[in-house]
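The structure appears right after this line, and notes come after that.
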Amino acid sequence: PPNSGKTALAAHIALLSKFPYLKFCTAQTMLGYTEMSKCQQLKKIFEDAHKSTLSCVVVDELESFLEYAPVGPRYSNTVLQTLKLLFKRAPPKGRKLLIIATTSYRDILEQLGLSQSFSKIIHVSNMSSGKHVLHVINEIEHTFNDDEMKHLEKTLNDKK
């Protein structure tokens with residue numbers, strides 16, 4: 001769902017990886033690019049990722065890259081095919097690539113045949129209370145010290 005923390009979670013996982021090459025790409029950074037320019041930029045990002053022994057590429061809001069619109073439906077087939085090929089291409093021998101992608105519309109990925117590009121799909125539910133946020137924070141080890149956790153707990157519990 002929109003605004004459920006997918007981008008923050010993807011960024012957190014990417015940073016935790018501590019891989020030498022880390023690239024976070026959003027459609028917003030490519031605003032105004034033509035379809036071909038987007039494809040060339042994405043290709044360069046993945047080529048650079050293949051040069052490092054350990055790389056992580058985060059593609060945030062896949063539907064925005066595809067310029068998806070539910071009316072029609074309309075999307076950029078050129079960008080779709082580029083992403084499919086880039087996701088499918090294995091890095092050179094001895095190198096590893098972690099691709100993290102976010103979307104608010106999983107069904108679109110299935111309809112467009114992009115979901116097969118991923119070995120794992122994780123659904124992130126909306127967090128509707130401070131208790132949910134605290135649970136997630138507790139699952140992430142060594143993020144906050146005890147005093148910070150107490151402060152967070154008090155702040156979040158006050159916002160029920």
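Normalised by the number of residues in the chain, the average gap of Cα pairs under 8 Å and 6 or more apart makes the relative contact order 26 percent.
For the chain, a simple Cβ point-charge model (Lys and Arg +1, Asp and Glu -1, everything else neutral) yields a dipole of about 620 debye relative to the Cα centre. Compared with the alpha-carbon gap, the fully stretched path from residue 9 to residue 118 is longer by 37.5 nm at 0.36 nm per residue.
Secondary structure note: in the chain, about 10% of the DSSP beta bridges are antiparallel. Available extension along the chain between residue 105 and residue 150 is 12.7 nm, counting 0.36 nm per residue and deducting the alpha carbon span. Semi-axes of the equivalent ellipsoid of the chain are 31, 21, 13 Å, computed as sqrt(5λ) over the eigenvalues of the C-alpha gyration tensor in descending order. A protection proxy built from the mean count of other Cβ atoms within 10 Å ranks the segments 8-15, 58-65, most packed first, as 58-65, 8-15.
We did not get these values from a lab; they are worked out from the coordinates using the rules stated. From a predicted model like this one, the values you see are computed outputs, not experimental measurements. A quick note on method: Cβ atoms are made from the backbone with ideal geometry, for glycine too, and the neighbour counts reach across all protein chains shown.
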